[in-house]
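Structure first, then comments.
Derivation of every value follows stated rules applied to the coordinates shown; laboratory data play no part. Worth saying up front: this structure is predicted, and the values here are computed from it rather than measured. Note: ideal-geometry Cβ built from the backbone for every residue, glycine included; neighbour counts use all protein chains shown.
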């Protein structure tokens with residue numbers, strides 16, 4: 001794990017629990033639709049940079065072909081998907097960041113005394129039930145890190161949507177405390193503490209099955225989502241943080257429907273030359289300590305050599321493991337930036353700008369100079385193996 005931390009509050013929010021299998025940790029939280037408790041938000045997500053308003057829906061999916069890997073007696077594998085879509089302005093109701101119940105479950109799991117309202121009232125820029133714009137848009141599916149709810153990728157999802165994408169953020173049952181499922185309420189993080197050197201790969205491969213099932217339901221012949229006709233089925237990409245990044249790569253390796261992928265500070269478990277990933281574009285974004293060439297995670301060096309399509313490897317100077325999530329800018333707003341590290345505001349800007357530029361390049365054929373070499377506007381970003 002990177003030696004740089006984002007202060008006490010970030011450790012609280014991000015959960016100071018390492019994934020010993022890959023040198024990374026993750027946070028626990030939840031997204032939900034509960035009405036916020038009445039108080040002014042202390043925190044707010046960065047404003048999206050695009051021209052579209054952001055709508056948000058929630059979709060409950062059940063894969064009856066698989067039993068839950070963490071709680072087999074629970075029956076079929078269940079997923080919650082937060083769907084962000086380009087919307088008509090001035091429609092819908094403000095969408096919550098986390099439910100109060102989910103935030104309380106997170107804090108209880110982590111044995112931390114922090115008011116749940118600090119998290120549950122965080123201001124978002126999405127509107128539940130907003131009227132959809134007309135047209136079709138590329139689809140990006142995002143998977144969070146282990147112990148981390150999809151809520152912590154809200155800022156990235158909102159920004160991509162504002163730029164003209166449909167974004168699906170997946171919550172995987174029993175892999176984060178505080179995520180609510182219909183008929184079951186807020187589920188515990190049963191998987192917490194069960195991932196280690198021998199179980200990380202099965203966990204990532206299980207998530208890959210989750211993500212493939214999500215694609216089946218969103219871009220298959222029929223879809224349960226009422227706005228499914230917004231999705232351009234020929235322009236699909238995946239991204240993820242930590243375990244979610246590993247899952248994104250593993251999914252892409254098995255699924256030719258995925259045109260491009262992003263791994264944000266996660267290991268690789270299956271991206272070899274026989275995997276089908278080698279000829280498609282891939283972006284690797286990581287921390288200096290863990291994911292520089294020759295760093296602690298050797299899977300990045302191995303994968304880099306095997307990738308034969310368009311590829312870039314970026315490291316963020318001064319970043320910690322959670323710099324790619326909302327935990328960075330939220331901690332910064334609480335005054336908990338590491339004075340020697342990457343400020344949370346900048347971490348959010350860099351993640352948003354480079355991930356967005358990559359998806360624009362690969363799904364919308366929009367040329368960007370960001371990947372051509374060092375950027376004077378982004379001196380914190382080191383482009384490893386820079387193109388000549």
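Per-residue answers, yes or no, for (1) at positive phi; (2) touching a residue at least 60 places away in the same chain (Cβ under 8 Å); (3) in a helix (DSSP H, G or I):
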{"site": "214", "(1), (2), (3)": "no, yes, yes"}
{"site": "218", "(1), (2), (3)": "no, yes, yes"}
{"site": "222", "(1), (2), (3)": "no, no, no"}
{"site": "239", "(1), (2), (3)": "no, yes, no"}
{"site": "253", "(1), (2), (3)": "no, no, yes"}
Seminar exercise, completed: For segment 325-382, the count of residues that are free of Cβ contacts under 8 Å to residues at least 60 places away in the same chain, in a helix (DSSP H, G or I) and in contact with a strand residue (DSSP E or B) (Cβ under 8 Å, 6 or more places away or on another chain) equals 2
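Looking at segment 43-64 only, could you name the residues that are exposed (fewer than 15 other Cβ atoms within 10 Å of the Cβ) and in contact (Cβ under 8 Å) with a residue 40 or more places away in the chain? Before the answer, list the steps.
The first filter runs over segment 43-64 and keeps only residues exposed (fewer than 15 other Cβ atoms within 10 Å of the Cβ), leaving 47, 49, 51, 60, 64.
The answer is 47, 49, 51, 60.
Give the number of residues within segment 66-87 that are out of contact with any strand residue (DSSP E or B) (no Cβ under 7 Å at 6 or more places or on another chain) and free of Cβ contacts under 8 Å to residues at least 60 places away in the same chain. Break it down stepwise before answering.
Within segment 66-87, the subset out of contact with any strand residue (DSSP E or B) (no Cβ under 7 Å at 6 or more places or on another chain) is 69-74.
With the extra rule that they be free of Cβ contacts under 8 Å to residues at least 60 places away in the same chain, the set shrinks to 72-73.
The number of residues fulfilling the criteria is 2.
Is it the case, given these coordinates, that residue 124 is more than 20 Å from residue 93 (Cβ to Cβ), buried (at least 19 other Cβ atoms within 10 Å of the Cβ) and touching a residue at least 24 places away in the same chain (Cβ under 8 Å)?
On the way: more than 20 Å from residue 93 (Cβ to Cβ): no; buried (at least 19 other Cβ atoms within 10 Å of the Cβ): yes; touching a residue at least 24 places away in the same chain (Cβ under 8 Å): yes.
Judged against the criteria, residue 124 is not a match.
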For this session: Report, ordered by the first and then the second residue, all pairs with beta carbons closer than 7 Å, sequence separation of six or more or different chains, a first member in segment 91-105 that is on the phi > 0 side of the Ramachandran plot, and a second member that is assigned to a loop (DSSP other than H, G, I, E, B).
Result: 92/129; 92/130
Problem set entry | Search result, residues across segment 167-183 that are farther than 16 Å from residue 66 by Cβ, assigned to a loop (DSSP other than H, G, I, E, B) and either in contact with a strand residue (DSSP E or B) (Cβ under 8 Å, 6 or more places away or on another chain) or touching a residue at least 40 places away in the same chain (Cβ under 8 Å) (or both) | 176, 177, 178, 182
For this session: Tell me which residues, restricted to segment 282-310, are farther than 15 Å from residue 245 by Cα, in contact with a helix residue (DSSP H, G or I) (Cβ under 8 Å, 6 or more places away or on another chain) and either in contact (Cβ under 8 Å) with a residue 24 or more places away in the chain or in a strand (DSSP E or B) (or both).
Result: 293, 296, 310
For this session: State yes or no: is residue 320 surrounded by 21 or more Cβ atoms within 10 Å (Cβ to Cβ), in contact (Cβ under 8 Å) with a residue 12 or more places away in the chain and farther than 30 Å from residue 278 by Cβ?
Result: yes
Problem set entry | Those residues of segment 44-88 which are farther than 21 Å from residue 161 by Cα and assigned to a loop (DSSP other than H, G, I, E, B), in sequence order | 68, 69, 70, 71, 75
